[in-house]
Amino acid sequence: MVDWENINTVLLDMDGTLLDLNFDNHFWKEFVPRRFAEKNNFSFEQAKQQLEPRFKRMEGQLEWYCLDYWSRELALDIVGLKAEISGLIAVLPHVLDFLEKIKHSPKRVLLVTNAHRDSLGLKMEKTCLHSFFDEIISSHDYGLPKENPGFWQRLLEQHPFDKQTTLLVDDSLAVLNSARQFGITQLISVSKPDTNMPKKLIADYPAIEDFRELMTGL
């Protein structure tokens, strides 16, 4: 699937790629609506009806990933709520095996995430994955989400890489489309970002179910 001899830089997403997306899905679809309902004396269903269109409007924008934004908008301590259920944060199968192997290769490995720095810090604290990366970049550092091709230009300026010898692994098709538009040619999707959900059918990009599929030839 990957011609590792011709890859010098590896860009890895976090949520849904290295970490089980079940945490984030449960947090935004179940936990936040329940706390929003409690705070405003709504039923759970009323809370979901109010929140879902608000969340939908922000998809693909930096605000969707910004914990400060949602704390203000919902009058909830989003960082504190994430910490409450941080026991659900989990690394996806065989990710550690892959990271251990690539750490001992000459390749540069960057974590490139849309996660807010507070969320990123909590997840690195829980998983201890930070030691595997040469750099950790949040899109909030650049003021643009990864869905915006301008993000990749800023990443290139700050951490130069060759578009032809760089591999990006990400579970978001919108992000992969943005990276492809920018000119990154080696792109791989993740077909099972949430272990509690069925495998996704992905037609536009090569896809892996777990990281064992990338270890051949590494």
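The values are calculated or read from the model by the stated rules, or taken from the named source; none is laboratory data. If you're wondering where the values come from, they're calculated on a predicted model, not measured in any experiment. Here the Cβ is made from the backbone with ideal geometry for all residues, glycine too, and neighbour counts use every protein chain on show.
Figures for the structure shown
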quantity: Test for Lys123: is it in contact with a Ser or Thr (Cβ under 9 Å, 6 or more places away or on another chain) and either surrounded by 18 or more Cβ atoms within 10 Å (Cβ to Cβ) or not assigned by TED's automatic domain parsing to the domain that holds Glu30 (or both); calculated: yes
quantity: Helices (runs of 4 or more DSSP H) wholly inside segment 1-66 that include at least 2 residues being closer than 30 Å to Asp97 by Cβ; calculated: 22-26
quantity: Which listed residue is at pLDDT 95 or above, touching a His at 6+ places or on another chain (Cβ under 6 Å), over 22 Å from Ile78 (Cβ atoms) and surrounded by 15 or more Cβ atoms within 10 Å (Cβ to Cβ), from Phe132, Phe151, Phe211; calculated: Phe211
quantity: Pick from segment 190-207, criterion touching a Leu at 6+ places or on another chain (Cβ under 6 Å) and either in contact (Cβ under 8 Å) with a residue 40 or more places away in the chain or not in a loop (DSSP other than H, G, I, E, B) (or both), ranking: surrounded by the most Cβ atoms within 10 Å (Cβ to Cβ); calculated: Pro193
quantity: Helices (runs of 4 or more DSSP H) fully within segment 76-187 counting 2 or more residues that are within 23 Å of Asp20 (Cβ to Cβ) and not basic (Lys, Arg); calculated: 78-84, 95-103, 117-127, 173-182
quantity: Segment 44-67: number of residues that are surrounded by 14 or more Cβ atoms within 10 Å (Cβ to Cβ) and under 20 Å from the mean Cα position of the chain (by Cα); calculated: 10
